[in-house]
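Peer 1: Please see the structure below; I have some questions.
The values are calculated or read from the model by the stated rules, or taken from the named source; none is laboratory data. Computed from a prediction, not measured in an experiment: that's the story for all the values here. Don't worry about glycine lacking a Cβ; one is built from the backbone with ideal geometry, like all the others, and counts go over all protein chains shown.
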Amino acid sequence: MLFLRLRNNVRGGSLTLDSLRARYSHWVPIVAMFAISRLALLLVAVFTLADAPGVAAATAGSFLCKFDCNWYMSIAEYGYSTAESLNQPGATNFAFYPLYPLLVGELSRLLHMNPLAAAVAISNFAFLLSLRYIQRYLVEFCGAPRSTALLTLALICFLPQSLAFSVPYSESLFLLLLVVAMYYVRREQFLAAGVAAALLSATRANGIFFLLFVLVWIWRHRGAFAFALPWRTPEVFVPVVLAPLGLFLFWGYCFMATGDAFAHPSSELHGWGWQFTAPWENVPVAIRSEGMPRIAMLVSIGVFSGTLLLLRQRMFEEFALCAGCLVLVWSGGSTGSIFRYWLFAFPIWYVFARFLQPRPVATVFSFAVLSVVNGAFTCAWLLQKVFAI
């Protein structure tokens, strides 16, 4: 049937070379940036393993599965368990939200794939698709020229720790669901936005911060009376109602499985030492610290400056979302990842792209620095240095 339909379209003139070019031309630069950035990281990995034969012998078959990947794989293959890690007392896989490993497990069983291969396939496909959605979002709703949108995508592809979008981590799926939810709110297709938001909060806990985006959008486009009289425009609150659903379902599962609805934060506390600390207490401590905690905090402050530039662009919804997620990072017991926790904040990279676009020398210098740092983090990832997590 598909062949007959394609043949009829060709005969009827509805499918021509020009129409195909117009339909799919947007994908060409996106696929090119995706492929070049991923191949560059792969080459860095190959050379790193070649120069570290002891490491290569142990990790050649699964060099991308480091750190949290092992936890995701345990969920995908065996499900959740209260068994603690022998090397990390108190840590269980309840510290990780379910959507990504469930998708990995289902795909591996459906196609009889190795779970690790399924995880890498899902991560890379989600990343590629998210790049296209980001481009559409920036062009349609932010008034970005196509060149600026593409520069934003290039920044995302080459940012340090962007390897996280291609390894068995949930970052790429989170980015995809986030931009899809934002995109459909802007298009006022609230059910689609709500479903994406529910899946988002089932992917990572900070997906709940999408509520900041949609609440500010309602206030700006429907006015304060929409909150006072919600029955007049109930459709706009569909994403608000659905957004926490993934979170609540996971809490319910945790309660049934362990008797503790908050097994996720409990495992993070006992296994990783993560607990809420007020930002005004945590930030000064991190700045006074030595080594990576100080660097991570200073970098995060620089990234936060990008959220302030969102206000200048009148991107208030995006500001609320990005600022909320950064404050959450500052509320951790430690700053954690230097870059990975805000890779998904594509509106920030958009304002940086706007700054760089009319400055070709600064653009070339920035990408050179980012590429070097990204390569260094990839080497550190392969060598299992903790700061590259």
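Peer 1: Would you check if L191 is at pLDDT 95 or above, surrounded by fewer than 20 Cβ atoms within 10 Å (Cβ to Cβ), over 18 Å from the mean Cα position of the chain (by Cα) and not acidic (D, E)? Don't jump to the end; show me each part of the working.
Peer 2: Details: at pLDDT 95 or above: yes; surrounded by fewer than 20 Cβ atoms within 10 Å (Cβ to Cβ): yes; over 18 Å from the mean Cα position of the chain (by Cα): yes; not acidic (D, E): yes.
Considered against the rule, which asks whether it is at pLDDT 95 or above, surrounded by fewer than 20 Cβ atoms within 10 Å (Cβ to Cβ), over 18 Å from the mean Cα position of the chain (by Cα) and not acidic (D, E), L191 comes out as yes.
Peer 1: So, G252, is that one out of contact with any Asp or Glu (no Cβ under 6 Å at 6 or more places or on another chain) and modelled with pLDDT under 85 or not? Can you show your working first?
Peer 2: Details: out of contact with any Asp or Glu (no Cβ under 6 Å at 6 or more places or on another chain): yes; modelled with pLDDT under 85: no.
The answer is no for G252.
Peer 1: Right, here's the next one. Could you check, for the stretch 172-182, whether at least one of its residues is within 27 Å of V139 (Cβ to Cβ), modelled with pLDDT of 95 or more and over 18 Å from the mean Cα position of the chain (by Cα)?
Peer 2: For the stretch 172-182, residues within 27 Å of V139 (Cβ to Cβ), modelled with pLDDT of 95 or more and over 18 Å from the mean Cα position of the chain (by Cα): absent.
Peer 1: When you check V351 against the structure, is it over 20 Å from S37 (Cα atoms) and in contact with a Gly (Cβ under 8 Å, 6 or more places away or on another chain), yes or no? Write out each step before concluding.
Peer 2: Details: over 20 Å from S37 (Cα atoms): yes; in contact with a Gly (Cβ under 8 Å, 6 or more places away or on another chain): yes.
The answer is yes for V351.
Peer 1: List, please: which pairs have Cβ atoms under 6 Å, are six or more places apart or on different chains, and start with a residue in the stretch 310-328 that is closer than 30 Å to W274 by Cα and modelled with pLDDT of 90 or more and end with one that is of a type in the set (D, E, K, R) and buried (at least 16 other Cβ atoms within 10 Å of the Cβ)?
Peer 2: Listed pairs, sorted by first residue: L310/E318.
Peer 1: Tell me the residue from F316, F255, F262, F248 that is surrounded by fewer than 17 Cβ atoms within 10 Å (Cβ to Cβ), under 22 Å from the mean Cα position of the chain (by Cα) and under 24 Å from Y97 (Cβ atoms), please. Steps first, answer last, please.
Peer 2: Working: F316 fails: under 24 Å from Y97 (Cβ atoms); F255 fails: under 22 Å from the mean Cα position of the chain (by Cα); F262 fails: under 22 Å from the mean Cα position of the chain (by Cα).
Of F316, F255, F262, F248, the one residue that is surrounded by fewer than 17 Cβ atoms within 10 Å (Cβ to Cβ), under 22 Å from the mean Cα position of the chain (by Cα) and under 24 Å from Y97 (Cβ atoms) is F248.
Peer 1: Right, another one. Any idea which of A126, A121, A83 is hydrophobic (A, V, I, L, M, F, W, C) and not in a helix (DSSP H, G or I)?
Peer 2: Working: A126 fails: not in a helix (DSSP H, G or I); A121 fails: not in a helix (DSSP H, G or I).
Of the residues listed, the single one that is hydrophobic (A, V, I, L, M, F, W, C) and not in a helix (DSSP H, G or I) is A83.
Peer 1: Assuming G306 fulfils every condition listed in (1) out of contact with any Asp or Glu (no Cβ under 8 Å at 6 or more places or on another chain); (2) among the small types (G, A, S); (3) within 24 Å of I75 (Cβ to Cβ); (4) touching a residue at least 40 places away in the same chain (Cβ under 8 Å) apart from one, which condition is it?
Peer 2: (3)
Peer 1: For the stretch 301-323: of the residues being among the charged types (D, E, K, R) and in a helix (DSSP H, G or I), which is farthest from L178 (Cα to Cα)? Steps first, please.
Peer 2: Within the stretch 301-323, the first condition is being among the charged types (D, E, K, R), and the residues that meet it are 312, 314, 317-318.
Next, only the ones that are in a helix (DSSP H, G or I) stay: 312, 317-318.
Numbers: R312: 22, E317: 13, E318: 11 Å.
Filtering the stretch 301-323 for residues that are among the charged types (D, E, K, R) and in a helix (DSSP H, G or I), the one farthest from L178 (Cα to Cα) comes out as R312.
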